[in-house]
Amino acid sequence: MNQRFRYRTYLRYALISGSLAALLALGGCSADTAKTSGTATPAQAASEPQGETEDIAPLGLGGQILPDLEDVELPEDAEPAPEYLREGVRHEIVKKLQQRLMDLGFMDNDEPTDYFGQATLQAVKHFQRQNGMPQDGIVGDATWDALMAEDAKYYAVSKGTEGDDIKRIQQRLYELGYLAKADQVTGNFGDSTEAAVIKLQEVNGLNPDGTVGKKTYNLLYSDEIKPNYLSYGEKSEVVLACQERLKELGYLTTTPDGAYGQDTVIAVKQFQARNDQVVDGYLGPSTRIALNDPSARPNGLMLGEQGDSVTRVQQLLSKYGYLNSANVTGYYGEVTEQAVKNFQSRNGLSADGQVGVQTMAKLTGDHVKRPAAGSTGGSSGQSGNKGGNKGSSGNKGNQGGSSSAPKAPSGSGVSALISAASSKIGSPYVWGAKGPNSFDCSGFVYWCLNQAGVRQSYMTSSGWRNAGRYTKITNFNDIQAGDIVVVNGHVGIAAGGGTVIDASSSNGRVVHRSLSQWWRSNFICAWRIF
């Protein structure tokens, strides 16, 4: 009796008898995952390797190929598992595969699933590439053994490596000024990329070996990264030109002088937040390109925002007598809004209570009209000056350099956010994608918030740990619909009823699923937007 026939016989016996004993007898079999149906799709047939295929390493009692029968309902005519794991397979063993890929840095952190999708395929290929194996994305016994080995190596790339992941690394090196030109973002790890990595490692106190391993990769997206470009303390004509543009767009509240001071850092962060850039306060190539783009979005502050930019505006309003100094809080409340309206009326502007380009230009200009005689600079009891929404626990300012963001109208915000998220269920997961047709986890949150009227900059999942301006939820049981749920390496949108909508790498698409024990175990915090 050949192995496949023997497996089929034992499977049928187990299904009929309801016992696992027959399945456990197959501990030495090499078949691995169960297909969702007995017939291979054309795509699966096309990807079928020629000749003999390697088998998954035999699994015994500690990790049987099939899940427990009392937990999984299988049809009586279920086909035996294929002899390898590949794209399109659904099986419990895929969870173990994904978790290992995540642990080793080849796959974004997420709740493991039984689905072998495109993200899993790419992760397997990158692992195979690093270990000198054929990059077919198929997990047979050789790939499985290498993955599960105690000495399996963490993700690392160096000179001579090619791939889509290299292109992402190069793009970040370019943004940080370590790669000088956009045409160096090629996906090929050559001499220029190696030199850029070594320079980055030297500037940031890492071993300059030219390899992007765990420490270097994590540093690339850290708030602590030191760029090789324009930053605090520098002075040059290039800085002056950027300041003049920031002033023109309403972000800089001081006179351009060519010196990269704290005012410039604040202005750059505010610009980055409103123009879909990584909010780091550095003038890297991508920020400069966005800054000089004719379609660059100008500044605008309004009721509900908070942060350093709000503080600067309040200080100017106080300087000219429109706002009591006690109301310089960093939060744009009703008193600040009224002070802005009074300033606008007095200085010949449309009194809408929002600080746009014209209001900012007038406020930072040389011919400011002070309040008329007898008027006051506002009361000392600014409404909601502790930040966040009415009744919130009170965030104390804008932490971590994140942008301020107005809230959508109360009562409609949560439903609008969940509606936007629900409309994208099933959209493909693509690393770094921000919509509208594909997303990664943080890109999905970014897109949905902006659709719901919240002007929120793009932040990675690590950036969401310190969003700052929203009400922070630290108890998992207190999560409500509309909250942004932050877990280790991942982020999603709470949809109510103990569920979440997120762009899932392990599912390969945007899904609506339960806030399971995995989410609880990896929970960091949540942010209440509305």
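Throughout, read-outs are computed from the coordinates displayed, never taken from laboratory work. Since this is a predicted model, take the numbers as computed values, not measurements.
Principal axis analysis of the Cα atoms in region 407-528 yields extents of 33, 31, 26 Å, listed in decreasing size.
Among the listed pairs Lys319/Lys362; Lys95/Lys214; Lys167/Lys235; Lys215/Lys235; Lys125/Lys199, those with a Cα-Cα distance over 20 Å are Lys95/Lys214; Lys167/Lys235; Lys215/Lys235; Lys125/Lys199.
The HN-Hα couplings worked out from phi for region 313-327 by the Karplus form 6.51 cos²θ - 1.76 cosθ + 1.60 (θ = phi - 60°) are 5, 4, 4, 5, 4, 5, 4, 8, x, 9, 9, 5, 4, 5, 9 Hz, whole numbers, x standing for Gly and Pro. Across region 179-285, Cα-Cα pairs more than 20 Å apart make up 47 percent of the total. Residues whose amide H lies under 5 Å from that of Thr161, counting only those 5 or more places away or on a different chain, are Phe189; hydrogens are built 1.01 Å from N in the peptide plane. With the largest listed first and rounded to whole Å, the semi-axes of the equivalent ellipsoid of region 458-530 from the Cα gyration tensor are 17, 14, 11. The fraction of Cα-Cα pairs per 5 angstrom bin, counted from 0 for region 237-291, comes to 4, 23, 39, 25, 8, 0 percent, rounded to whole percents.
Our estimate of slack between Ala195 and Asn475, defined as 0.36 nm per intervening residue step minus the Cα-Cα distance, is 96.3 nm.
Here's how it looks for Val491: its modeled amide H is under 5 Å from none belonging to a residue 5 or more places away or on a different chain. For region 164-220, the ratio of Cα radius of gyration to the globular rule of thumb 2.2 N^0.38 Å stands at 0.98. Once the chain from His367 to Lys181 is taken as fully extended at 0.36 nm per residue, the excess over their C-alpha distance is 62.7 nm.
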